[in-house]
Structure formats: structure tokens, C-alpha cells
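Right, one structure below, let's go through it.
The values are calculated or read from the model by the stated rules, or taken from the named source; none is laboratory data. This one's a predicted model, so the numbers in the text were calculated from it and none came from an experiment. Quick reminder, even Gly has a Cβ in these numbers, built from the backbone with ideal geometry, and neighbours come from all protein chains shown. Surface areas here come from the heavy atoms of the whole protein model, side chains and all, with no ligands, DNA or RNA. Shrake-Rupley method; radii C 1.70, N 1.55, O 1.52, S 1.80 Å.
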Amino acid sequence: MALPRLCPTATYLTIPRRCRLFGGQPQAIQEDAMSAKTPSDLRGLMRGEVIVEGDADYDTARSVHNGMIDKRPAVIVRAMNAGDVMTTVNYARDNGQKLSIRGGGHSGPGFGTNDGGVVIDLSRMRGVRVDSRARTARAEGGATWGDFNAATNAFGLATTGGVISTTGISGLTLGGGIGYLTRGHGLSLDNLISADVVTADGRMLVASETENPDLFWAIRGGGGNFGVCTSLEYKLQPVKTVYWGPMFYEISEAANVLRFYRDYIKTAPEEMGAFPAFQIAPPLPFIPENRHGDMFAAIVACWSGDPADGPRQFKAFHDVAEVKAEMVGPVPYPAINAAFDGLFPTGIRQYWKGNFVKELTDDAIAAHVQHGPNAPNASSTMHLYPINGACHRVAPDATAFGHRDANFSMVIISASPDPMDDARNTKWVRDYSDAVAPHSEVGGYVNFMDDDDASRVRANYGSNFDRLTRIKRQFDPDNLFRVNQNIAP
């Protein structure tokens, strides 16, 4: 057992189970604490920072990953432990203030901030503890997938994460968690064993199959609607080095590549995580210089079986069409989650749309080929993630994640540093999304929704929505946790 990248304020005392990780304050102490009415009162009860407008680091503290979001909360709390979170939840509730929860800050709609309310920023709570014998890891709610993967890879272990290392584990997991290991090991939430959750009444609850099972069911796909996860415990799999890389094809081969992928991924070994994309070639050494800036069809593939078998497993991707540029080979698993970080830096301006897809029909492929190549820049793209394999072996009502019968989760995203690009980029996403919608499910993956998708919440959860509503009434009847893809009580 080891404790890599621990929170600097961690304490190692025997404390009650409900506050068992990284310095959490005993529940009895927190319940007896005097109620805070002002930010000054709040400072007196906190281990972490309380930041208000006028403080030197206010503008830094209020920023989120999406540069299009420019909001001014009244209070930002950089929590250091579970006790800080409990205190701040009570403060926001008792003072009738809007409350946002920020983990990695990657929410496309900017749900990690708000105007005039309270923000709980978990970015100081990033510790990860690995139990290599049990093949589990417990991480604090502000950890990113970069933090998590660095800790677990040291033991040759991993779980399903995303494709950008700066993404927070909490937000990704609570919405689902789609990544390279999904086909073999399920969604991130399928690997969740338990979570410590601060609910709207300020209590710390353990959510697992045996403790508060309704809450555990709801947080696995229900997003941040039910509380603040201050720590999450995951199952790990033996994954250390993978065979990975992007392969670029002439854009004229796009339809051929998509048809091949549709048929290939149905029966591919589950160790293969691969997705097609449209990609403007960035100025990278493996791409011929005279092709920088050209649009390509692409497949990004990850073989998580024996890396020595990687070249044989990648042969099908070379047989479908001539690969014009590629960078493939054995790499440490954490490296592939950071590979696209440069295309998606903090502050880039983003707009998202997404749908679940059961079948990639010929008509859908025609719509992709019409719109995908019009991506306005190298940070704008479409990815079609496979969610078959292990995902399909989980019953549709076993977790709150909707649409277990879908085979793909599609995302269309525009991203640019220039505000002058916003209108053009947003139009490209919307036109593309409208074109493929008739060939997709009505619902989509909540982590790919933007702030104009509130009308889709019921469809996103499908047959699980009514149960989510009942559990919302139980744990958050006044809808304190509403700055999200909201499930109204």
C-alpha cells in the first residue's frame, strides 16, 4: 500500500468512518459548529480559503476551464477537507444561495461557477491512495485523471478514465465516465465501489451497495444532483503499458473509414478501445510539414492487452486505407490521457453537443462526411466513442446511467482561444448536431451536454429518470444542487 501525491494537510488520526479520509472533521463536531451568516463567519470555521470579490486571487479563483464562461460568484471556498465541504454546504443552504461544485472545472456549460452564489472548489483535495493488493484506489473529490493515473500506474493498475488528463475524476464518474478502457472494463461509474457524499442537509454519507444504496445508484450517472463527493473508491485493473496512437487518413477516405469502424468495433477484442474522428493536423513532428493544417479522417486506438500484440491488433486499421501519418507504439497508460491536453488547454472557449447512437447507419455516415470536415480548427472535432462490450453487460436499471443499449456516444465540440470565433464555431456544432440527430437517440451523455440542453434531461436518463426524481426528493428536496444538468425534485 502506498500514498502517492497526498494532500499536504492530510492527517492520519483515527476518526469516524463518515469522515475517514484526509483530515475530514468528525461529524459531531461539524453538526455542533455555529452557523455562518457571512463570508467572515465562514472563514472562522474553515481550514481552507474563503475568497470574495476584491481579494487578490479572486479572478483566478472564479475561472473555469471553458473560457466562454465569465461569472462572478459571491464566495469561493477552496476546501481542504470534508469538514470544509460540510460547512460550506450548510452556509449556502442556510443563506439561500446558489451553490456550484467544482472538481476539475471541465464542465462545458461552466457548472463549476455561478453569478452571485457560492462555489465549493475541491482542487486542493487531490490525494490518491492505492491498495495494490486489493486492486482499489480511493481518491479525493478534486483529483484529476492525471493525478489518479500517476498514482495507480506506479502499481501497474488503472481504471476507466477520460481522454484529457486535467479532467476531474468526480464530474466524469458521476456522469458516466467514457474512455479507452470502457469496452473491456466498463464506464468509470461501473468501477466505483463507494463514495463519501455530503448531502444537502450537511451530512456526510457513505454511498455503496450496502450503505445508502439508493444514493449510490443515483450518483452513478445522475451527475452532481445528489451531493458533493469528497472521496471516491474505485476497482482497478492490471493495465500499465498500452499500445496506442492516432492514425490519419485522407479525408476522401472518411466514409470508408467510418463504415469499416462500424463493422469492426462490433466484434473487436474488448481490450481494443478505438474511436474515429475528424482532425485538422496540428504541427506535430510525425505529420509531414506540408500537411500541417490539412483535414484528415482519423482513428485513435488503444490496445490494453499485451503491448507486444499491438502491431497485429492495429493491422486492420492499416488495411482499411493508406495511413498518411501516425504515431503508434507502446506507451505508459497515463501518457495517453495527456496526449490531447495541448489541444484543449485551460481557458479555451468551448461549445458541445452529443447523442447516444445505436447504429451508425449509412445515412448517418453521409451526414458525418458532410459536416465533420468543416471543423473550424485543430481543437474542434467529432469523436464517436464505443460503449459496447462490458457496458452492455450491466443491466439498464443497475445504475442511473441511461441508454445501456447504445453502441456509441458521440460528441461534437468546437474550441478556440479567440472570442471572434464563437459564432462560427457554435454554428458548426449546431448544424452538425442537427444533421446527425435523426440518426441518433433522443438522449445523450450528460457530460457532453451544454447549457442549452436542459430540455433533454429526461431523455438523457430514459427509463431511469423517474427513479432519479424520487431519490432527488429524498436527498435534496429543495434542489440545492441545481447548477448542473438538473433533475428537479
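Filtered by the rule that a residue be farther than 15 Å from Pro396 by Cα and either of a type in the set (Gly, Ala, Ser) or surrounded by fewer than 19 Cβ atoms within 10 Å (Cβ to Cβ) (or both), the range 459-481 gives Thr469, Arg470, Arg473, Gln474, Pro477, Asp478, Asn479.
State whether the residues of the range 129-139 include one that is surrounded by 22 or more Cβ atoms within 10 Å (Cβ to Cβ) and among the acidic types (Asp, Glu). Within the range 129-139 (the criterion being surrounded by 22 or more Cβ atoms within 10 Å (Cβ to Cβ) and among the acidic types (Asp, Glu)), the answer is no, since none of the residues qualifies. Quick one: would you say Asn486 is open to solvent by 10 Å² or more (accessible area, probe 1.4 Å) and touching a Phe, Trp or Tyr at 6+ places or on another chain (Cβ under 9 Å)? No; evaluated as a whole, the condition is false for this residue. The set of residues in the range 71-85 that are farther than 10 Å from Ile120 by Cα and not small (Gly, Ala, Ser) comprises Lys71, Arg72, Pro73, Met80, Asn81. The condition of being in a loop (DSSP other than H, G, I, E, B) and either over 22 Å from Pro489 (Cβ atoms) or of a type in the set (Gly, Ala, Ser) (or both) does not hold for Gly224. Scanning the range 164-181 for residues that are among the β-branched types (Val, Ile, Thr), under 23 Å from Tyr461 (Cα atoms) and open to solvent by 20 Å² or more (accessible area, probe 1.4 Å) yields a single hit, Thr167. Residues in the range 356-366 that are open to solvent by less than 10 Å² (accessible area, probe 1.4 Å) and either assigned to a helix (DSSP H, G or I) or not aromatic (Phe, Trp, Tyr) (or both): Val357, Leu360, Ala364, Ile365. Each residue in the range 438-489 was checked for being in contact (Cβ under 8 Å) with a residue 12 or more places away in the chain and either in a loop (DSSP other than H, G, I, E, B) or among the acidic types (Asp, Glu) (or both), and 23 of them qualify.
Checked across the range 408-420, the condition of being modelled with pLDDT of 95 or more, touching a strand residue (DSSP E or B) at 6+ places or on another chain (Cβ under 8 Å), of a type in the set (Phe, Trp, Tyr) and crowded, with 24+ Cβ neighbours inside 10 Å holds for at least one residue. Of all residues in the range 59-79, none satisfies being in a helix (DSSP H, G or I), touching a Cys at 6+ places or on another chain (Cβ under 6 Å), at pLDDT 95 or above and among the hydrophobic types (A, V, I, L, M, F, W, C).
No other residue among Tyr249, Tyr234, Tyr243 is in contact with a Gly (Cβ under 9 Å, 6 or more places away or on another chain) and of a type in the set (Phe, Trp, Tyr) apart from Tyr243. Only a single item in (1) in a loop (DSSP other than H, G, I, E, B); (2) within 19 Å of Phe275 (Cβ to Cβ); (3) among the aliphatic types (A, V, I, L, M) is not met by Ala415, and it is number (1). Is it true that Gly184 is of a type outside the set (Phe, Trp, Tyr), in contact with a Lys or Arg (Cβ under 6 Å, 6 or more places away or on another chain), open to solvent by 10 Å² or more (accessible area, probe 1.4 Å) and within 27 Å of Pro246 (Cβ to Cβ)? So Gly184 does not fit the description; no.
The residue that is surrounded by the most Cβ atoms within 10 Å (Cβ to Cβ), counting only those in the range 367-395 that are in contact with an Asp or Glu (Cβ under 8 Å, 6 or more places away or on another chain) and farther than 16 Å from Val429 by Cα, is Cys391. From the list Leu189, Leu205, the one residue that fits, being among the aliphatic types (A, V, I, L, M) and closer than 22 Å to Leu480 by Cβ, is Leu205.
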